[in-house]
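Student: Structure provided below as structure tokens; questions to follow.
Values quoted throughout were computed directly from the atomic coordinates according to the rules given, and no laboratory measurement underlies them. This structure is a prediction, so every number in the text was calculated from the model and none was measured. Cβ placement follows ideal geometry from the backbone for every residue including glycine, while neighbour counts extend to all protein chains displayed.
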Amino acid sequence: MKIATYNVNSVNARMENLTDWLQKSNPDVVLLQEIKTEFNSFPFFDFQLLGYDAKILGQKSYNGVAVLSRHKMTLVHEGLPGFADENSRYLEVMVDVKGEKFRVASIYMPNGNPPYNNPDDNSKFEYKLKWMEAFYNHVAELVKTREPIVLGGDFNVIMTDNDVYDKSLFINNALFREEVKQRLKAVEYLGFYDAYRALHPETTGYTYWDYAGNALQLDFGMRIDYLFMSPVAADRLLSCEVDKTPRQGNKPSDHTALVVELR
């Protein structure tokens, strides 16, 4: 079974790109972030033609998460449990694969950086820390289920120096601050495995390149998209690869897909 995460940076703007990639890669489950649309404008029918059911937590123009599945799935949580949030950042479902259930969540973690016109505004960073604390608390409950769990998405966290092309440019960036890295590391300490790093401890594995400055061609990227696996899911892990195909395609997102294959 293949599970992918992909920040599409507006699902309606990327449908040609996304359709082409889905037909070539054929993942079973896809976690989408930044769909940037509400329910009534989401292309459910287009995905049905491709063989996917869709569950979404939409938001007009910003944020928004979705799960696409070729298998039967049931909605579990719209929004992060225990955290009142006007932004659509967390969607959790159960996927039934031939009678075996997998719990998956699509996650779009807050960025945390201040507005460009007000660099002293710390409110977005404080919001990010509170969101991450609530996420940790929820994951601590999930791990008790001993289910195969995959938590994937755009986490807006650069975990190590090896996860960004030039760490000196990100010293004070909210993606790279110690408070943020420590909170995501705490999720690993609960028993969850970073699927890519479990199989590729040294490879950069960038999943994001800015549109400007020829960043993709120069490989000026960062690794901010993750697939975290519970112990039961990690035991089934066969592969985890960055697929640059959608980033190199027509009208791409600034992110690309990360794909795991499970037994």
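Student: Over segment 173-263, one equal point on each Cα, no solvent: what is log10 I(q)/I(0) by the Debye formula at q = 0.13, 0.14 Å⁻¹?
Tutor: The calculated log intensity ratios at q = 0.13, 0.14 Å⁻¹ are -0.50, -0.58.
Student: At 222 nm, what value in deg cm²/dmol follows for the chain if DSSP H runs of at least 4 each add -39500 (n - 2.57) and the sum is divided by all its residues, to the nearest 500?
Tutor: On the way: 7 runs with 62 residues, N = 263.
Computed mean residue ellipticity for the chain: -6500 deg cm²/dmol.
Student: Right, another one. Obtain the nm distance between the two label points defined at S239 and H200 by a simple spin-label model: each point lies 7 Å from its Cα along the Cα-to-C-beta direction.
Tutor: Here the answer is 1.2 nm between the modelled labels.
Student: If you take the beta carbon distance between M15 and Y189 as r and set R0 to 41 Å, what does 1/(1 + (r/R0)^6) give as a FRET efficiency, to the nearest 0.05? Before the final figure, lay out the partial values.
Tutor: Values: r = 39 Å, r/R0 = 0.95.
Approximately 0.55, to the nearest 0.05.
Student: Across 10 Å bins from the origin, how do the percents of Cα pairs in segment 97-164 run, short distances first?
Tutor: Calculated P(r), rounded to whole percents: 16, 37, 30, 12, 4, 0.
Student: List, in the order given, every pair from K2/K60; K72/K181; K101/K144; K55/K181; K181/K251 whose Cα-Cα distance in the structure shown is over 27 Å.
Tutor: K2/K60; K72/K181; K55/K181; K181/K251
Student: Compute the distance in nm between two label points, each set 7 Å from the Cα along the Cα-to-Cβ direction, one at E178 and one at S61.
Tutor: Going by the 7 Å Cα→Cβ label model, 3.9 nm.
Student: Additional query: What are the semi-axes of the equivalent ellipsoid for segment 5-65, taken as the square roots of 5 times the Cα gyration tensor eigenvalues, largest first, in whole Å?
Tutor: In descending order the semi-axes read 18, 12, 10 Å.
Student: Here is a further query. Using θ = phi - 60° and the Karplus relation 6.51 cos²θ - 1.76 cosθ + 1.60, list the HN-Hα couplings for segment 173-178 in order, rounded to whole Hz, with x at every Gly or Pro.
Tutor: Each residue's phi maps through the Karplus curve to give 6, 5, 6, 10, 6, 4 Hz.
Student: Report, to one decimal in Å, the Kirkwood hydrodynamic radius for segment 75-128 based on all distinct Cα pairs. Working shown, then result.
Tutor: Details: mean 1/r = 0.0751 Å⁻¹.
Mean inverse Cα-Cα distance, inverted, gives 13.3 Å.
Student: Putting +1 on Lys and Arg Cβ atoms and -1 on Asp and Glu Cβ atoms, find which of L129, I149, V97 reaches farthest to the positive end of the dipole of segment 84-172.
Tutor: Selected residue: V97.
Student: Enter the per residue convex hull volume of segment 2-262, computed from alpha-carbon coordinates, in Å³ rounded to the nearest integer.
Tutor: On the way: hull volume 32.5 nm³, N = 261.
Residue-normalised Cα hull volume stands at 124 Å³.
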